[in-house]
Amino acid sequence: MQVPAQVEYEKASSVEHALALLARYAPGARVLAGGHSLIPMMKLRLAQPEVLIDINGIRGLRYIERAGGELRIGALARHADLLAAPLAGEHFTILHDAERVIADPIVRNWGTIGGSLCQADPSEDLSAAFAAMKGTMVIQGLDGSREVSAREFHTGPYETVVGPAELLTEIRLPIRPGGGSGYQKVSRRAGDWPVGAAGAAVWLTGDVIADAGIGLAAVGATHFVAAEAEQYLRGRPATEESLQRAGEIAAANCRPVSDQRGPAEYKRHLAGELTVRVLRVAVGRARDQARVRSVASQGRA
Ligand SMILES: Cc1cc2nc3c(=O)[nH]c(=O)nc-3n(C[C@H](O)[C@H](O)[C@H](O)COP(=O)(O)OP(=O)(O)OC[C@H]3O[C@@H](n4cnc5c(N)ncnc54)[C@H](O)[C@@H]3O)c2cc1C
């Protein structure tokens, strides 16, 4: 049985306490959230921190709430919290779609949203969903906090912009009218990492796509934002033809590699096909929302 190297352990009671501990022990310290990624890496000696800073005792970091026109997710919210949150289901169906296919109930019950994002595995699902929704990450250090776009959060495989003495504390998603979203992935078996996955969001004005967001997982060394496909869709009618073309553009631009989950060309095919499928779902949901609003306003008149 593999065992981690010897490590010191500190339990943080607040964000300020965690930051002070990180500053004291950086760069030898690592934050411990759910531990579902970090502990296996320590067992394999792929990570060998000298000190673990356990943040699970910080009560104020586990929440999912609406504030200032945004959905705000504390970094310590668990996958299961997000899956169960009516607020997420109401405004961001993409998050419920993604959470339903992430791992298994054991991982979802303890794995955190912040840990998933900071692990920065190129196959990780939520980063693609947050990139599609054009979310923002709040990163805190001893000198204050800063906001970084979800699209700029990852700097490479297993690397993020979070510094060694900083914490990811919150994810913010703007609640915008006229939107619909969806997430789909193909994996080899239930609860497994994706062979390929795509998340999409569209915001309609009438039947024209005013804005679109497309994030893909497992089709490159980092999470892939299909920026050219998004640009193509902006200002076009939401027809099958335009969604198909966007899928072709996304597939052509992504950079999958062959690995144990499948050959690169199959992953490229998945990128295109899944992009079209989630765009269809997103457009359908945006239209449904528009119908509901129209019926509700007729009822009030
Ligand atoms: C069997 C299995 C199947 C899985 N399947 C999937 C899947 O299908 N899709 C998917 O997307 N994921 C999957 N995962 C990954 C799972 O979602 C993550 O392991 C887990 O959610 C990571 O969160 P954690 O809280 O356990 O992070 P940890 O393991 O505690 O931490 C991960 C990394 O993030 C750092 N970190 C954690 N929180 C913070 C913070 N707030 N600020 C700064 N740094 C921080 C840690 O120091 C560490 O480097 C799977 C995992 C397992 C074990």
Counting residues that are touching a residue at least 60 places away in the same chain (Cβ under 8 Å), out of contact with any strand residue (DSSP E or B) (no Cβ under 8 Å at 6 or more places or on another chain) and over 18 Å from Ile113 (Cα atoms), which helices (runs of 4 or more DSSP H) fully inside region 1-91 reach at least 1? 15-25
Residues of region 1-34 being under 28 Å from Asp104 (Cα atoms), modelled with pLDDT of 95 or more and surrounded by fewer than 14 Cβ atoms within 10 Å (Cβ to Cβ), which ones? Tyr9
Per the filter on region 159-202, residues on the phi > 0 side of the Ramachandran plot and either out of contact with any Leu (no Cβ under 9 Å at 6 or more places or on another chain) or hydrophobic (A, V, I, L, M, F, W, C) (or both) are Gly191
I need a count of the residues in region 190-242 that are touching a strand residue (DSSP E or B) at 6+ places or on another chain (Cβ under 9 Å) and assigned to a helix (DSSP H, G or I). 7
Helices (runs of 4 or more DSSP H) enclosed by region 94-189 - at least 2 residues per element that are at pLDDT 95 or above and open to solvent by less than 10 Å² (accessible area, probe 1.4 Å): 113-119, 125-132
Hits in region 81-114 - residues which are closer than 21 Å to Glu70 by Cα and either among the aliphatic types (A, V, I, L, M) or near the ligand (Cβ under 8 Å from one of its atoms) (or both): Leu82, Leu83, Ala84, Ala85, Leu87, Ala88, Ile94, Leu95, Ala98, Thr112, Ile113, Gly114
Pull up region 39-74, narrow it to residues that are more than 19 Å from Ser13 (Cα to Cα) and among the small types (Gly, Ala, Ser), then point me to the one that is modelled with the lowest pLDDT. Gly68
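The values are calculated or read from the model by the stated rules, or taken from the named source; none is laboratory data. Note that the structure is a prediction, hence the values are computed from the model and not measured. Don't worry about glycine lacking a Cβ; one is built from the backbone with ideal geometry, like all the others, and counts go over all protein chains shown. In case anyone asks, the SASA skips ligands and DNA or RNA and just uses the protein heavy atoms, side chains included. Shrake-Rupley method; radii C 1.70, N 1.55, O 1.52, S 1.80 Å.
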